[in-house]
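A.B. asks: I'd like to ask some things about the structure below.
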Amino acid sequence: MTETTQHTKLFEQVRTQRIYLWGIPIDPLSMEETVTLIDAAIQARYQVTHAAVNVAKFVAMQENPELRRAVCESTIVNADGYPLVWLARLMGYSVPERVTGIDLMEELVKLAARRQYRIFFFGAEEWVVRKVVDIYASRFSPEIIAGWHNGYYASQEEPVIAQQIASAHPDMLFVAMSSPKKELFLWKYRNVLGSIPFVMGVGGSFDVVAGKVKRAPRWMQRSGLEWFYRLLQEPRRMWKRYAYTNTKFLLFLVRALWQQPRGGKNSHPRS
């Protein structure tokens, strides 16, 4: 059996363990398992697309078929936040932990430094993405930087940017944009970017690394209150979004509480 075949079978196994919450896929993987899979894929040059589902995206996927398709077609889908982990457990599934986009990105940058992988950073404001590149180049090595581009551009520039990213021949691509923009970009240009072993949307992670936005304290992260911390930072911009998505998600939680816990063919039963 060739190495490529072994990795193909490995990811087929991951897919058979995938669970679904009202049609939304979640892979019950730990951070360590996720990083190991990504590392194996890069070594085998087997492309992996990654998506992280939080409360807002979970709700948005119920209403946006294009976003839903892009996420469902991803090779790995992690639960980005404790509310999704809690919902899965209420439904009788065993999800070991949350794997947030920013935490995974940080682990993968460390992996890149160890393995001499190269990363392309795409998204955010120009000063933000440049600062992220400077921070990681200083903290690890300039050798891990394959290139960067900010996330502010005209729609007609997209094909050129996608080709620029592909031409840099990175091992990893991080796309720091809001949903559904980042998912739709990766889906639309999946063939152009097909030679990149790992692609991932990282939302506002660049803003956090660059210091533009502060991350919630650990106790708020563990309590599922990161959204509230973000609301306190940007109340005018975020209150309508959170009022809608949190209310919708609470309805899913109520439904889960009234249903019998169940494990299915594509799940890890609760232990």
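A.B. asks: Can you name the number of the only condition in (1) over 16 Å from the mean Cα position of the chain (by Cα); (2) more than 28 Å from PRO170 (Cβ to Cβ) that PHE58 fails?
C.D. replies: Of (1) over 16 Å from the mean Cα position of the chain (by Cα); (2) more than 28 Å from PRO170 (Cβ to Cβ), only one is false for PHE58: (1).
A.B. asks: Same structure, new question: Within segment 69-87, track down each residue that is in contact with a Ser or Thr (Cβ under 8 Å, 6 or more places away or on another chain) and more than 22 Å from LYS9 (Cα to Cα).
C.D. replies: Within segment 69-87, ASP80, GLY81, TYR82 meet the criteria.
A.B. asks: Here's another thing I want to ask about it. For VAL254, are the conditions met, namely being β-branched (Val, Ile, Thr), at pLDDT 70 or above and not in a helix (DSSP H, G or I)?
C.D. replies: So VAL254 fails the test.
A.B. asks: Same structure again: Taking LYS131 and the conditions (1) modelled with pLDDT of 95 or more; (2) touching a strand residue (DSSP E or B) at 6+ places or on another chain (Cβ under 9 Å), which numbered condition does it fall short on, given that it satisfies the others?
C.D. replies: Condition not satisfied by LYS131: (2).
A.B. asks: Condition test on VAL59, is it among the β-branched types (Val, Ile, Thr), in contact (Cβ under 8 Å) with a residue 40 or more places away in the chain, under 26 Å from ALA166 (Cβ atoms) and part of a helix (DSSP H, G or I)?
C.D. replies: No, not satisfied.
A.B. asks: State whether the residues of segment 180-190 include one that is at pLDDT below 70, within 30 Å of VAL109 (Cα to Cα) and assigned to a helix (DSSP H, G or I).
C.D. replies: The answer is no, given that none of the residues of segment 180-190 is at pLDDT below 70, within 30 Å of VAL109 (Cα to Cα) and assigned to a helix (DSSP H, G or I).
A.B. asks: Here are the criteria: (1) under 20 Å from GLY194 (Cα atoms); (2) of a type outside the set (A, V, I, L, M); (3) in a helix (DSSP H, G or I). Tell me which single one HIS50 does not satisfy.
C.D. replies: Among (1) under 20 Å from GLY194 (Cα atoms); (2) of a type outside the set (A, V, I, L, M); (3) in a helix (DSSP H, G or I), HIS50 violates only (3).
A.B. asks: Next question, about the same structure. Taking SER223 and the conditions (1) buried (at least 16 other Cβ atoms within 10 Å of the Cβ); (2) among the polar types (S, T, N, Q); (3) modelled with pLDDT under 90, which numbered condition does it fall short on, given that it satisfies the others?
C.D. replies: Here SER223 meets the rest and fails (1).
A.B. asks: Of everything in segment 82-113 that's in a loop (DSSP other than H, G, I, E, B) and either crowded, with 24+ Cβ neighbours inside 10 Å or hydrophobic (A, V, I, L, M, F, W, C) (or both), which residue is farthest from the chain's Cα centre (by Cα)?
C.D. replies: Top of the filtered list is MET91.
A.B. asks: Can you say whether GLU126 is among the charged types (D, E, K, R), surrounded by fewer than 18 Cβ atoms within 10 Å (Cβ to Cβ), modelled with pLDDT of 95 or more and within 25 Å of LEU67 (Cβ to Cβ), as far as the supplied structure shows?
C.D. replies: Judged against the criteria, GLU126 is not a match.
A.B. asks: Are any residues in segment 151-171 farther than 19 Å from ALA124 by Cβ and assigned to a loop (DSSP other than H, G, I, E, B), and if so, which ones?
C.D. replies: Hits for segment 151-171 are HIS169, ASP171.
A.B. asks: Please state which of the following conditions ARG236 fails to meet, knowing it meets all the rest: (1) buried (at least 20 other Cβ atoms within 10 Å of the Cβ); (2) basic (Lys, Arg); (3) at pLDDT below 70.
C.D. replies: (1)
A.B. asks: Continuing with the same structure: Would you confirm whether or not segment 29-50 contains a residue that is under 29 Å from ALA112 (Cβ atoms), crowded, with 22+ Cβ neighbours inside 10 Å and modelled with pLDDT under 90?
C.D. replies: Looking through segment 29-50, none of the residues is under 29 Å from ALA112 (Cβ atoms), crowded, with 22+ Cβ neighbours inside 10 Å and modelled with pLDDT under 90.
A.B. asks: Checking MET1 against (1) in a loop (DSSP other than H, G, I, E, B); (2) modelled with pLDDT of 95 or more: exactly one of these is not met. Which one?
C.D. replies: (2)
A.B. asks: Only one residue in VAL85, VAL71, VAL95 is hydrophobic (A, V, I, L, M, F, W, C) and either within 24 Å of TRP187 (Cα to Cα) or at pLDDT below 90 (or both), so which one is that?
C.D. replies: So the residue among VAL85, VAL71, VAL95 that is hydrophobic (A, V, I, L, M, F, W, C) and either within 24 Å of TRP187 (Cα to Cα) or at pLDDT below 90 (or both) is VAL71.
A.B. asks: Could you please find all residues in segment 114-137 being in a helix (DSSP H, G or I), closer than 21 Å to MET177 by Cβ and in contact (Cβ under 8 Å) with a residue 24 or more places away in the chain?
C.D. replies: Within segment 114-137, GLU126, TRP127, VAL128, VAL129, LYS131, VAL132, ILE135, TYR136 meet the criteria.
The values are calculated or read from the model by the stated rules, or taken from the named source; none is laboratory data. Bear in mind that the values here come from a model prediction, so they are computed numbers and not experimental data. Don't worry about glycine lacking a Cβ; one is built from the backbone with ideal geometry, like all the others, and counts go over all protein chains shown.
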